[in-house]
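Q: Have a look at this one.
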Amino acid sequence: MNIKVLLLPAFLSLALSGCIVTSAVNLAATTVMTAGKIAVKGTGALINAAIPDKDKKKDKEKKSREQQAEDYLEEPREE
């Protein structure tokens with residue numbers, strides 16, 4: 001009976017050690033991904049601060065494309 005009592009915890013600890021390693025790797029990967037996202041967002045904010053007219057230019061281009069699409073749909077077609 002003593003061997004069974006010792007083998008069960010030993011087996012469970014070996015079986016669960018894979019879960020612990022997976023959790024540690026997942027934590028490390030999540031930390032790296034979060035740090036990368038923060039760095040990218042910060043860089044984007046700096047670029048937007050340095051080039052403030054970038055958004056206005058995109059809005060003008062979008063409105064121009066929308067206007068062209070509306071004009072195309074409103075044109076009378078010859079059949």
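Q: Give the angle, between 0 and 90 degrees and rounded to the nearest 10, that separates the Cα long axis of helix 54-74 from the longest principal axis of the Cα atoms of the chain.
A: Roughly 60 degrees between the two axes.
Q: Let me ask you something else. So, with +1 on the Cβ of K and R and -1 on the Cβ of D and E, and no other charges, what is the size of the charge dipole of the chain about its Cα centre, to the nearest 20 debye?
A: 880
Q: Just from its helices, what would the mean residue ellipticity at 222 nm be for the chain, if runs of 4 or more DSSP H residues each count -39500 (n - 2.57) and the sum is divided by every residue, rounded to the nearest 500 deg cm²/dmol?
A: -32500 deg cm²/dmol
Q: Counting heavy atoms of the protein chains only and a 1.4 Å probe, report the per residue accessible area for the chain as a whole number of Å².
A: Result: 97 Å² of accessible area for each residue.
Q: Right, something else. Given 20 °C and 1.002 mPa s, compute D for the range 1-48 with the Stokes-Einstein relation, Rh being the Kirkwood radius over Cα pairs; round to the nearest whole µm²/s.
A: In µm²/s, the coefficient is 154.
Q: Return one number: the angle in degrees, 0 to 90 and rounded to the nearest 10, between the long axis of the Cα atoms of helix 2-50 and the longest principal axis of the Cα atoms of the chain.
A: With both axes taken from Cα atoms, the answer is about 20 degrees.
The values are calculated or read from the model by the stated rules, or taken from the named source; none is laboratory data. This structure is a prediction, so every number in the text was calculated from the model and none was measured. All Cβ positions, even for glycine, are placed from backbone atoms using ideal geometry, and neighbour counts span all protein chains on display. For the accessible areas, the whole protein counts, side chains as well, though only heavy atoms, and no ligand, DNA or RNA atoms are used. Shrake-Rupley method; radii C 1.70, N 1.55, O 1.52, S 1.80 Å.
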